[in-house]
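S.K.: Just dropping this structure here.
Just so it is clear, none of the values below were taken in a lab; they were calculated from the coordinates. Everything quoted here is computed from the prediction, not taken from an experiment. When we count neighbours, we look across all protein chains shown, and the Cβ atoms used for this are built from the backbone with ideal geometry, even at glycine.
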Amino acid sequence: GQNIDQPTEMTATEGAIVQINCTYQTSGFNGLFWYQQHAGEAPTFLSYNVLDGLEEKGRFSSFLSRSKGYSYLLLKELQMKDSASYLCAVPSSGGYNKLIFGAGTRLAVHP
Amino acid sequence: DTAVSQTPKYLVTQMGNDKSIKCEQNLGHDTMYWYKQDSKKFLKIMFSYNNKELIINETVPNRFSPKSPDKAHLNLHINSLELGDSAVYFCASSQDPSGVPEAFFGQGTRLTVV
């Protein structure tokens, strides 16, 4: 089966850098997703990693190590609007039609 | 020009009632989903449809019945509502992967059963 672990909560200061970790166990790997979810809103897609290494997209970067079953989301130059939950997700062994989500990491950015 | 839209956004109803949530996507995607997010914020898949055909049915009480009249619509009907059904229900859609198979989510329906 699949299992995803990520920290429940994190806090950081505006302008700083924060790294949100995610470890996963899955039978058959089809990539790893990061989603952002503001309180009371829908999850929105941030990144998708299928190969090892770092993918950078503006202030956000996502890293994957398939051999370690590990990913992280790196947020730079934090802004207050980055306060949200960050969800790590992997497709099920059956394919992309079923995403298995972690419980999410609630990030609070303080001035 | 909302990509995935679901209605209503809020739904408050009494135990035992039957209610429906509607979802429509204008992205031309083949696959649509219903997810449930409970009070602990876990987002769990309930159903997945591909071109109107049911492909995933997680362990969900049969009081929940999805219906897909066409590939752009996936509605969720819930019979005999219970207190434990209170949650936020998200509709989502994705295209069969030819590139990045990201899912697009609707704004959610907050269901409160009293």
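S.K.: Can you bin every Cα-Cα distance in chain A into 10 Å intervals starting at zero and give me the percent of pairs per bin, rounded to whole numbers?
M.R.: Going from the shortest bin to the longest, the percentages are 15, 49, 29, 6, 0.
S.K.: Can you pull a Stokes-Einstein diffusion coefficient for chain B at 37 °C (0.692 mPa s), Rh from Kirkwood over Cα pairs, as a whole number of µm²/s?
M.R.: 233
S.K.: Take every residue in peptide B:52-62, count the Cβ atoms of other chains within 10 Å of its Cβ, and give the average of those counts.
M.R.: Going residue by residue through B:52-62 and averaging, the value is 1.
S.K.: Please get the size of the charge dipole for chain B, origin at its Cα centre, with Cβ charges of +1 on Lys and Arg and -1 on Asp and Glu, quoted in debye to the nearest 20.
M.R.: For chain B, the charge dipole is close to 360 debye.
S.K.: Averaging over every viewing direction, what projected area does the convex hull of the Cα atoms of the protein assembly as shown cover, in nm²?
M.R.: On the way: hull surface 49.6 nm².
Averaged projected hull area, Cα only: 12.4 nm².
S.K.: For chain A, what relative contact order do you get, as a whole percent, if you take Cα pairs closer than 8 Å and at least 6 residues apart?
M.R.: Details: 280 pairs, mean separation 41.1, N = 111.
RCO, chain A: 37 percent.
S.K.: Let me know the charge dipole size of chain A about its Cα centre in debye, to the nearest 20, where only the beta-carbon of Lys, Arg (+1) and Asp, Glu (-1) is charged.
M.R.: For this selection, approximately 180 debye.
S.K.: Past 31 Å, Cα to Cα: identify those pairs from A:LYS57/B:LYS44; A:LYS76/B:LYS67; A:LYS68/B:LYS40, in the order given.
M.R.: Result: A:LYS76/B:LYS67 exceed 31 Å.
S.K.: Convert each backbone phi in segment B:29-42 into a coupling constant with the Karplus relation 6.51 cos²θ - 1.76 cosθ + 1.60 (shift: θ = phi - 60°), then list the ³J(HN,Hα) values in order as whole Hz, x for Gly and Pro.
M.R.: Here the 3J(HN,Hα) series is 6, 8, 10, 10, 9, 10, 10, 10, 10, 8, 5, 8, 6, 5 Hz.
S.K.: Oh, and also: Quick one: Cα centre-to-centre distance for segment A:8-48 and segment B:1-36, in angstrom?
M.R.: First find each Cα centre; the distance between them is then 24 Å.
S.K.: Write down the percent of antiparallel bridges among all DSSP beta bridges whose residues are both part of the protein assembly as shown, to the nearest 5.
M.R.: 90
S.K.: I need the phi-derived Karplus couplings for segment B:45-54: 6.51 cos²θ - 1.76 cosθ + 1.60, θ = phi - 60°, integer Hz, Gly and Pro marked x.
M.R.: For segment B:45-54, the Karplus-derived couplings read 6, 10, 9, 9, 10, 10, 6, 6, 9, 5 Hz, x marking Gly and Pro.
S.K.: Restricting to chain B, what percent of DSSP beta bridges are antiparallel, rounded to 5?
M.R.: That works out to approximately 90 percent antiparallel.
S.K.: Just tell me how shielded B:101-108 is by partners: mean number of partner chain Cβ atoms within 10 Å of each residue's Cβ, no decimals. Kindly include the intermediate steps, with their values, before the conclusion.
M.R.: On the way: counts 10, 9, 9, 4, 7, 1, 3, 5.
Averaged over the peptide's residues, the number is 6.
S.K.: Among B:ASN57, B:MET15, B:ALA87, whose Cα sits farthest toward the positive end of the charge dipole of chain B (+1 at Cβ of Lys/Arg, -1 at Cβ of Asp/Glu, about the Cα centre)?
M.R.: B:MET15
S.K.: Give me A:ARG59, A:ARG106 ranked fewest to most by other Cβ atoms within 10 Å of their Cβ, as a rough exposure proxy. Walk me through the numbers before you get to the answer.
M.R.: Working: A:ARG59 13, A:ARG106 17.
The most exposed by this proxy come first: A:ARG59, A:ARG106.
S.K.: Other chains' Cβ within 10 Å of B:83-94 residues: what's the mean?
M.R.: Shielding by partners across B:83-94 averages 1.
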